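These notes are about the structure you will find just below.
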Amino acid sequence: QKEVEQNSGPLSVPEGAIASLNCTYSDRGSQSFFWYRQYSGKSPELIMFIYSNGDKEDGRFTAQLNKASQYVSLLIRDSQPSDSATYLCAVVPPGTYKYIFGTGTRLKVLA
Amino acid sequence: DAGVTQSPTHLIKTRGQQVTLRCSPKSGHDTVSWYQQALGQGPQFIFQYYEEEERQRGNFPDRFSGHQFPNYSSELNVNALLLGDSALYLCASSFGPPSGEQFFGPGTRLTVL
């Protein structure tokens, strides 16, 4: 089992719709969770971080964390073509400083 | 506010050579982490430097080494390059322990021929 798993996609959504990106992790004791956006040929850009169970909203983005299910998600409301990118989930296992990344989900927002 | 900077942007080397990549952290940050990202994969953790010491290391051979300077900038050195070392090398900076939010630099694209 991979430490952090994401569906590679592509996930295609129409412009204006809600995009839902999911991530599961294997280490139950993990405490810190991050979402990064990576455009083709560029470096990852931090979008959201979440440490506690529940929802965290920032503009059009909502991160959701369920530690019991070992599941973290990212919702993008009113998706725009400029949101088309690969979204990387990162988890910090307990007792470490390293980020463990998933392989990313490619999102395509269709105009 | 200067973000994370890396140099060079691109680099072409041949097998067996050695390479040094450089990183300057975001202003106010004191911790530097290095990652390797192969095409189509997520970044893989190489190591992290804090207070000029390697605080944690990922599953990379000893050919990969690093250094952090008193001004918090950092270098990644790779010896005896292999074709499989071709990747995007990313530096990320953060502030203090335990695992503050990491901000990535633009990366160095290394090609080994």
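The values are calculated or read from the model by the stated rules, or taken from the named source; none is laboratory data. No experiment lies behind these values; they were computed from the predicted model shown. Neighbour counts are summed over all protein chains in view; Cβ atoms, including those assigned to glycine, are modelled from backbone coordinates with ideal geometry. The protein model used for the area step is the full one, side chains on, heavy atoms only, and it has no ligands, DNA or RNA in it. Shrake-Rupley method; radii C 1.70, N 1.55, O 1.52, S 1.80 Å.
Taking DSSP loops as anything outside H, G, I, E and B, show the longest stretch in chain A free of GluC sites (Glu not before Pro) there with at most 15 other beta carbons within 10 Å.
Numbers: sites that count: A:3, A:15.
In chain A, the maximal stretch lacking such sites is A:16-111.
Which entries in A:2/A:56; A:2/B:13; A:42/B:26; A:42/A:108; A:67/A:108; A:98/B:26 show an alpha-carbon gap greater than 24 Å?
Pairs exceeding the cut-off: A:2/A:56; A:2/B:13; A:67/A:108.
Stokes-Einstein D for the protein assembly as shown at 37 °C, 0.692 mPa s, Kirkwood Rh over Cα pairs, in µm²/s?
183 µm²/s
Tell me the total accessible area that A and B bury against each other, 1.4 angstrom probe, in square angstrom rounded to 100.
1600 Å²
Compute, for the stretch B:1-103, the length of the dipole vector about the Cα centre, with Cβ point charges of +1 (Lys, Arg) and -1 (Asp, Glu) only. Units Debye, rounded to 20.
Here the size comes out at about 420 debye.
Once the dipole of chain A is set up with Lys and Arg at +1 and Asp and Glu at -1 on Cβ about the Cα centre, which of A:102, A:71, A:61 lies farthest towards its positive end?
The residue sitting farthest along the positive end of the dipole is A:102.
For the stretch B:51-113, what is the relative contact order in percent, using Cα pairs closer than 8 Å and at least 6 residues apart in sequence?
26 percent
Taking every DSSP beta bridge that has both residues in the stretch A:1-110, what percent is antiparallel when rounded to the nearest 5?
Antiparallel bridges make up about 90 percent of those DSSP assigns within the stretch A:1-110.
With 18 Å as the cut-off, how large is the P(r) tail for the stretch B:49-103, expressed as percent of Cα-Cα pairs?
So the portion of pairs separated by more than 18 Å is 38 percent.
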